[in-house]
Amino acid sequence: MRQSTPWWIRIPVLFFLIFGLMEYFIDSGDQPAFIAQPAAALFLVVVLVLLIAVELMMRGIENVLYRTLDPAARKRYLEMKARPRRWEWGMRVYRNLLGSRPIEEEGEIILDHNYDGIRELDNRLPPWWVYSFYITIIFSVIYMFRYHVFSGDDQQTEFEKEMVAAREAVAEYKRTAVDLVDASTVELLTEPADLAAGEAIFTGNCAVCHKVDGGGSIGPNLTDDYWILGGGIRNIFNTISEGGRDGKGMVAWKTNLKPGEIAQVASYIVGLHGTNPPDAKAPEGELYVDPDAPVDRVEVETDSTGAEVIIETDTPNPLESESDQ
């Protein structure tokens, strides 16, 4: 019943093999399966206990069978057990890496120093230490030529390249993960496919209150400069997602529409600005000026209510032209 593999190797190998298979087949997200699911941890404990129990049973069976052998068979069995095992090469490699002499040979390297009966041995440095030192020398030569002779990228340059690659990866991820958006990160969509999808959503869900052309009926006019809860892509996205004013505004559409769909319909609504449909509803709310919109000239006038109104215009200021002359 000779076993070629020691128990202290057999048990860990089997245990980690089962552990790896469990982690591969159990979907636990970012966490290991034995942390995310307590049942998996219990399973590993049971497996470990069973492996140890099987080894103990094998030892017990081996002992019982040994006692049933006659003296000659016992002698042959003990001789077989005493033969070098295939794992003996590991011990030889270990001794070679350590580089120390056996106790029987220490007399050849003992020095004349004697300190109260303590003798000193002239052992060589361990080969693993010497080889590691040689490796550091080789590494230093390669490093010198790589960064000081051939001007390789330093840490700052490598960091900047990694940041560029990371930004590209994030942009690609955002492009494919259309629903990974909220009111603080939404951006105006300009692709024809997105606007067409937004128009379909608007026609099927919003036109009943705002009309197909956005002129407004029960709901407010969406084509003028006045907004009850603020204009712009982010405010419109938030209003569609969270709903209007309590008790009198529209319902929250976040339970019916995905974030990507809300971004599409919000972008379509932004595109309705200035279309001036017939029979449009009177303005409601407050005048909204997009702070991110490009403005060549800004004028401030007073409307009929006495409030100051910001007017965007492309007409040059004559005072500026005269001052330039």
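The values are calculated or read from the model by the stated rules, or taken from the named source; none is laboratory data. Keep in mind that this is a model prediction, so the values were computed, not measured. Cβ coordinates were reconstructed from backbone atoms using ideal geometry, including for glycine residues, and neighbour counts include every protein chain displayed.
Does Asp179 count as of a type outside the set (A, V, I, L, M), touching a residue at least 60 places away in the same chain (Cβ under 8 Å) and out of contact with any strand residue (DSSP E or B) (no Cβ under 8 Å at 6 or more places or on another chain)? Taking the combined requirement at face value, the residue satisfies it. Restricting the first member to region 116-134 and to residues that are free of Cβ contacts under 8 Å to residues at least 12 places away in the same chain, and the second to residues that are exposed (fewer than 12 other Cβ atoms within 10 Å of the Cβ) and among the polar types (S, T, N, Q), the beta-carbon pairs closer than 9 Å and six or more apart or on different chains are Glu120/Asn114.
Out of Thr255, Thr223, one residue alone is in a loop (DSSP other than H, G, I, E, B), within 25 Å of Asp179 (Cα to Cα) and of a type in the set (S, T, N, Q). It is Thr255.
State all residues of region 177-204 that are outside any helix (DSSP H, G or I) and of a type in the set (D, E, K, R); if no residue qualifies, say none. Hits for region 177-204 are Asp179, Asp182, Glu187, Glu191. Evaluation of Leu195 against the conditions (1) touching a Gly at 6+ places or on another chain (Cβ under 8 Å); (2) surrounded by fewer than 10 Cβ atoms within 10 Å (Cβ to Cβ) shows that the sole unmet condition is (2).
Among the residues of region 190-200, is any of a type outside the set (Asp, Glu) and more than 23 Å from Val178 (Cβ to Cβ)? Checked against the condition, which is being of a type outside the set (Asp, Glu) and more than 23 Å from Val178 (Cβ to Cβ), region 190-200 yields no hits at all.
For region 211-223, the criterion of a residue being loosely packed, with under 14 Cβ neighbours inside 10 Å, under 20 Å from Gly285 (Cβ atoms), without any contact (Cβ under 8 Å) to a residue 12 or more places away in the chain and not aromatic (Phe, Trp, Tyr) is satisfied by at least one position. Which of (1) without any contact (Cβ under 8 Å) to a residue 12 or more places away in the chain; (2) in a helix (DSSP H, G or I) is the odd one out, the single condition Lys248 does not satisfy? Looking at each condition in turn, Lys248 falls short on (2).
Within region 76-95, at least one residue is part of a helix (DSSP H, G or I), at pLDDT 85 or above and within 27 Å of Trp8 (Cα to Cα).
Yes/no matrix, rows are residues, columns are (1) exposed (fewer than 10 other Cβ atoms within 10 Å of the Cβ); (2) modelled with pLDDT of 90 or more; (3) touching a strand residue (DSSP E or B) at 6+ places or on another chain (Cβ under 7 Å):
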site: Gly249; (1), (2), (3): no, no, no
site: Trp253; (1), (2), (3): no, yes, no
site: Glu261; (1), (2), (3): no, yes, no
site: Ala307; (1), (2), (3): no, no, no
site: Ile310; (1), (2), (3): no, no, yes
site: Thr313; (1), (2), (3): no, no, yes
site: Glu320; (1), (2), (3): yes, no, no
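Arg101 passes every criterion in (1) surrounded by 11 or more Cβ atoms within 10 Å (Cβ to Cβ); (2) free of Cβ contacts under 8 Å to residues at least 24 places away in the same chain; (3) not in a loop (DSSP other than H, G, I, E, B) apart from (3).
Here is a yes/no grid of residues against (1) without any contact (Cβ under 8 Å) to a residue 40 or more places away in the chain; (2) under 33 Å from the mean Cα position of the chain (by Cα):
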{"position": "Ala197", "(1), (2)": "no, yes"}
{"position": "Val208", "(1), (2)": "yes, no"}
{"position": "Asp225", "(1), (2)": "no, no"}
{"position": "Gly230", "(1), (2)": "no, no"}
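As for region 29-41, it holds no residue that is of a type in the set (Asp, Glu), part of a strand (DSSP E or B) and surrounded by fewer than 11 Cβ atoms within 10 Å (Cβ to Cβ). Considering (1) of a type in the set (Lys, Arg); (2) modelled with pLDDT of 80 or more; (3) in contact with an Asp or Glu (Cβ under 8 Å, 6 or more places away or on another chain), the lone condition that Arg146 does not fulfil carries the number (3).
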